[in-house]
Amino acid sequence: MPNPALLEAFPTPSDTTFVIEHIAEEFTSVCPKTGHPDFGVVTLRFAPRPARDGGVCVELKSLKLYLQSFRNEGIFYEAVTNRIRDDLARLMNPLWLLITTDWRGRGGIRSVIRAAHGEVPAEWRTR
């Protein structure tokens, strides 16, 4: 089962608003229908709250371990994307957050799923 307890955070290093983008290129889970592995790229974009407001950022090693906890999980693309969004939003409470999962094609169909928390600025919605 995906384990949000693996996620750690550290204080935002600035009082100025900025955007962070992390890209995990080797995400793996399992199709609950076929039992076959699913491979995708997970992109996390977010604007942490300023330091003066108690903002935090996700620590990268913990993010990697968290994403790896999906490896043997039978879970649909949409559920993966929303679960990651919910767990990271709960950890960081950012100004906004956007999770995009881009899945390797199977049977001639590729899927891209996006899930947002907060008001994502237009310029960051479909990059």
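Bear in mind these aren't lab numbers, they're just calculated from the coordinates by the rules spelled out. For clarity, every value in this text was computed on a predicted model and none was experimentally measured.
Here is how the numbers come out for the structure above:
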quantity: Whole-Hz couplings from phi, Karplus 6.51/-1.76/1.60, listed for region 38-51; x for Gly and Pro; calculated: 10, 10, x, 10, 10, 10, 10, 10, 7, 10, x, 5, x, 4
quantity: Gain upon complete extension [I23, E73; 0.36 nm per residue less C-alpha separation]; calculated: 16.0 nm
quantity: Percentage relative contact order, region 36-119, counting C-alpha pairs under 8 Å, at least six apart; calculated: 39
quantity: From phi via Karplus (6.51, -1.76, 1.60), per-residue ³J(HN,Hα) for region 115-126 in Hz, x at Gly/Pro; calculated: 9, 10, 10, x, 8, 6, x, 3, 5, 9, 5, 10
quantity: Note, ³J(HN,Hα) from phi for region 53-59, Karplus 6.51, -1.76, 1.60, rounded to Hz, x at Gly and Pro; calculated: 9, x, x, 9, 10, 6, 7
quantity: Global form of region 4-121, assessed from the alpha-carbon gyration tensor, a/c cut-off 1.5; calculated: prolate
quantity: Long-range amide H partners of D38 with built H, under 5 Å; calculated: S29, V30, C31
quantity: Rounded, prolate or oblate (a/c below 1.5 giving rounded, otherwise prolate when a/b exceeds b/c) for region 1-62 by Cα gyration tensor; calculated: prolate
